[in-house]
Amino acid sequence: MTNLTLLAVLVLAFATGIGAVATGSSRGRWVVVAHGIAGIAVILLIPWKSRIVRHGMHRERSSRWASVLLAALAATTIAVGLGYSTGLVQSVAGQYGMWVHIAAALALAPLLLWHVFARKTPPRKTDLSRRVLLRAGVLGSAAAGIYLATDWAVRHSDLPGARRRFTGSHEIGSFDPVAMPSTTWLNDTTPTVDPDRWRLTVVDLTGSYELTLSEITEHATRLRATLDCTSGWFSHQDWTGVPVSALIRDRGGANSVLVHSVTGYWIRFPVDEIDELLLATSVGGEPLAPRHGYPLRLVAPSRRGFWWVKWVDRVEVQAAPAWWQPPFPLT
């Protein structure tokens, strides 16, 4: 029963972890809380799982190394996750602790799948008995209580984690663009853009047209917004640029707006979010640095950093629904 319970909790932790990476609005806070509770539940199950592990280690199996690696990755995921949430472990070997936490979890997933099939535990009728359900309820309640108590203690202490955002991110470089970190998604790299040759292409239901950088910088709409990166940091900044809505002449009948980068990176937004989006040419009163998206980057309030497309070269309203895209960008 311990194995099945642990499997269910790990699946919950993985699912809520994906949701925690994606959410940028306070409406999604519950996903982050559920992820934390699932992590505590895994820790509470360790004493029972350790008995099974000790018994299994006495057996000679050629695949023992995979089980040991699975345990090591699980321990790393939990330890770094706890360390980052408290602020005590903000980096590991020069990498953001959040990325290490995510990387360990992703590496763990295929091993967990292998373990499920290699160490089959057939379900029994008693697995859904009233006693088992009561134990599950006790485990969930205990995990929730410990999580809430720990979160309260951290937020009312002098630990760095006391000032983290609800997503778990720590503040870096607010209102100081030079100090604001810069990250790219997967294999995306900072391109060299010639501002004299660069053009923004806008496609709406009326047709398409192009704008030069000087034409865009004539607009000076200012927006204070928080960039919350999935690497585990956030930064408050004042962005200046042109609202996307000011560029779209006709959106009637469209369902989404696609924002495209010179690198090939793209994201699709629901058309009703157009009024919230800003194409920024400067931050903190200074032109964007190349690493921050020069000459033009998207500002998408209430969205995580991977939605904030850098080096934008095209904006296009489309009939395709906003969900017609991968859950996370592929490049």
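The values are calculated or read from the model by the stated rules, or taken from the named source; none is laboratory data. Keep in mind it's a predicted model, so treat the numbers as computed, not measured. Neighbour counts run over all protein chains shown; Cβ positions are idealised from the backbone, glycine included.
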Q: Among the numbered conditions (1) among the small types (Gly, Ala, Ser); (2) closer than 26 Å to residue 276 by Cβ; (3) buried (at least 16 other Cβ atoms within 10 Å of the Cβ); (4) touching a Gly at 6+ places or on another chain (Cβ under 9 Å), tell me where residue 220 comes up short.
A: (3)
Q.
For the stretch 223-270: of the residues being among the basic types (Lys, Arg) and over 25 Å from residue 197 (Cα atoms), which is surrounded by the most Cβ atoms within 10 Å (Cβ to Cβ)?
A. 268
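Please give the strands (runs of 3 or more DSSP E) falling wholly within the stretch 168-268 in which 2 or more residues are without any contact (Cβ under 8 Å) to a residue 24 or more places away in the chain.
Of the strands (runs of 3 or more DSSP E) lying wholly inside the stretch 168-268, those with at least 2 residues that are without any contact (Cβ under 8 Å) to a residue 24 or more places away in the chain span 207-211, 221-229.
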Q) Does the stretch 300-309 include one or more residues that are basic (Lys, Arg) and touching a strand residue (DSSP E or B) at 6+ places or on another chain (Cβ under 7 Å)? A) yes
Q: Would you check if there is a residue in the stretch 144-155 being closer than 30 Å to residue 283 by Cα, assigned by TED's automatic domain parsing to the domain that holds residue 6, surrounded by 15 or more Cβ atoms within 10 Å (Cβ to Cβ) and not aromatic (Phe, Trp, Tyr)?
A: no
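Conditions (1) without any contact (Cβ under 8 Å) to a residue 12 or more places away in the chain; (2) surrounded by fewer than 18 Cβ atoms within 10 Å (Cβ to Cβ); (3) out of contact with any Phe, Trp or Tyr (no Cβ under 9 Å at 6 or more places or on another chain); (4) not assigned by TED's automatic domain parsing to the domain that holds residue 209, marked per residue:
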{"position": "290", "(1), (2), (3), (4)": "no, yes, no, no"}
{"position": "297", "(1), (2), (3), (4)": "no, no, no, no"}
{"position": "308", "(1), (2), (3), (4)": "no, no, yes, no"}
{"position": "324", "(1), (2), (3), (4)": "no, yes, yes, yes"}
Q | Per-region count, the stretch 309-328, residues within 16 Å of residue 256 (Cα to Cα) and either under 17 Å from the mean Cα position of the chain (by Cα) or not charged (D, E, K, R) (or both) | A | 13
